[in-house]
Amino acid sequence: MDIPYLRTIAVPDLATADRRSVEDATEQLRETTASIRAADHALADWLQHEVGLTNLPAALMQASQLSSDTFVAAVRAALPRRQGLSPSRLAQVRAAFADTAEPARTARAAALVHERMLSDLVNRAYRLTPEDIALLWRNAPPRMPTLPTQ
C-alpha cells in the first residue's frame, strides 16, 4: 500500500443520518461476523471432540457456508475409510448442524444485507451515478465479497 497516496484520497463528509446508518450497520456487521465465527468454531470443536475428526478439511472449518447435505457429505469424506455414519450418528451430525450452523447461515444472509447497505451509503457519499457504479463493477476483482445490487 502506498500510504502517501492514500492520504490524498478525498473522504466525503457524511450527513448525520448517513453517519448513524454507517455506525449502526458496521456494529451489526461486527456482531454478526463474531456470531458466525463462534458458530463455525463451536461446530468444528464438536466435530473434533465428539465425532473424532482430528484433521478437519477447510470446508468443515466454515460449516455455515454449507448446506446440511453438503455438511454431512464433508463429514463422511473426512472420516477414516472404514468408519461410516450410523443412523444415530447421522442424526447427531444433522442436529448439530441445525442447532449451530443454521443460525449462522441466517446470520450470513443478514451480514450480506448490512454489507450492501454500507456499499450503498459509500456510493451515495461519493455521489456516484449508476454509470459510475456499473463501471466499478465491470472492473471489480474476481473475488468480490458481494455481488452488485440490481
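No lab work stands behind these numbers, since they all come straight from the coordinates. Just so it is clear, the model here is predicted, and its values are computed rather than measured. Heads up, the Cβs are rebuilt from the backbone with ideal geometry, glycines too, and the neighbour counts pull from every protein chain shown.
Here are the numbers for this structure:
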| item | result |
| --- | --- |
| Cα centre as origin, Lys/Arg/Asp/Glu Cβ charges: the chain dipole, Debye | 560 debye |
| Neighbour net charge for residue 30 - beta-carbon separation under 15 angstrom, K R +1, D E -1 | -3 |
| Contour minus Cα-Cα distance for residue 13 and residue 81 (0.36 nm per residue) | 18.5 nm |
| Linear extension gain, residue 128 paired with residue 92, 0.36 nm per residue minus alpha-carbon span | 7.9 nm |
| q = 0.11 Å⁻¹, the chain: log10 I(q)/I(0) [Debye, one scatterer per Cα] | -0.61 |
